[in-house]
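Asks: Sharing a structure with you now.
Nothing in this text is a laboratory measurement; each read-out follows from the coordinates by a stated rule. What you see is a predicted model; the values in this text were computed from it and never measured. Here the Cβ is made from the backbone with ideal geometry for all residues, glycine too, and neighbour counts use every protein chain on show.
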Amino acid sequence: MTPDDVIEIMKLGNRRFMSDSLTKRVHTKQVRAAALGQFPKAIVLGCVDSRVPVEDVFDLGIGDVFVARIAGNFANTDIIGSMEFACKVSGSMVVMVMGHEDCGAIMGAIDRVQLGNLTATLNNLQPAVQAVPGFEGDRDATNGKFVQAVADKMSF
Ligand SMILES: [Zn+2]
């Protein structure tokens, strides 16, 4: 199996998700099978948003993929360390960063939300906010075009 094969499997799974034809799985059976070890071929970095469940989005089951989730799907030292574990220790061949539409974390970073530890979390997204140069319209979360421009800056 090559990284391209893994990406193709994920693309096909995403098509099943999009066509509402997910594979039916018996999770208790998969948990028992995974107890012998795990060899996921990919790690996905996604947002904590409850509307983008990674395994469902790619029609994958228990033991099929590592998933790291954090508001705004940015990579810090802890996330990168987890990716290193996935790739260097467990043999994953693909690192995928998956953003999503209407990300509340991006909107919160744009509006500089102040709320406990979330403030520090969202500060990690400021480089993307600042990377959008002069912009027509309001530079706040009510401007969907600005929110999308910031999200585009988070791509790498
Ligand atoms: Zn989000």
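Asks: Angle between the Cα long axis of helix 3-18 and the longest principal axis of the chain, 0 to 90 degrees, nearest 10?
Replies: 80
Asks: Taking the Cα-to-Cβ direction at Asn124 and at Ser19 and moving 7 Å from each Cα, how far apart do the two end points lie in nm?
Replies: Label at Asn124, label at Ser19, 3.6 nm between them.
Asks: Shape call for the range 68-156 from the C-alpha gyration tensor, a ≥ b ≥ c root eigenvalues: rounded (a/c under 1.5), prolate (a/b greater than b/c) or oblate?
Replies: Working: a/c = 2.77, a/b = 1.86, b/c = 1.49.
Prolate.
Asks: Let me ask something else about it. Show me, bin by bin at 5 Å from 0, the whole-percent P(r) of the range 1-51 based on Cα pairs.
Replies: 4, 14, 15, 23, 31, 12, 1
Asks: Extending each Cα 7 Å along its Cβ direction at Phe135 and Arg51, get the distance between those two points in nm, one decimal.
Replies: Once both label points are built, they end up 1.8 nm from each other.
Asks: So, one more: Quick query: amide H of Met96 versus all other amide H atoms, modeled in the peptide plane; which residues come in under 5 Å with a sequence gap of 5 or more or a different chain?
Replies: It is Ile43, Val44, Leu45, by chain and number.
Asks: Okay, next question. Quick check: convex hull over the Cα atoms of the range 104-153, volume per residue in Å³, rounded to an integer?
Replies: Values: hull volume 3.1 nm³, N = 50.
So the per-residue Cα hull volume is 62 Å³.
Asks: How charged is the neighbourhood of Gln30? Take every other residue with its Cβ under 15 Å from the Cβ of Gln30, and add Lys/Arg as +1 and Asp/Glu as -1. Working shown, then result.
Replies: Values: positive: Lys24, Arg25, Lys29, Arg32; negative: Glu55, Asp56, Asp59, Asp64.
Combined, the nearby Lys, Arg, Asp and Glu give 0.
Asks: Turning to a different aspect of this structure: Taking the alpha-carbon distance from Lys145 and a cut-off under 23 Å, which lysines remain once sequence neighbours fewer than 8 residues away in the same chain are dropped?
Replies: Excluding near neighbours in sequence, the set is Lys153.
Asks: Treat each spin label as a single point 7 Å out from the Cα along the C-beta direction, and report the Gln114 to Asn76 distance in nm.
Replies: Label-label distance for Gln114 and Asn76, simple model: 2.0 nm.
Asks: Tell me the angle of helix 144-153 to the major Cα principal axis of the chain, expressed in degrees between 0 and 90 and rounded to the nearest ten.
Replies: 60
Asks: Right, another one. I need the Kirkwood Rh of the chain: take the reciprocal of the average 1/r across all distinct C-alpha pairs and report it in angstrom.
Replies: Numbers: mean 1/r = 0.0587 Å⁻¹.
Kirkwood radius, the chain: 17.0 Å.
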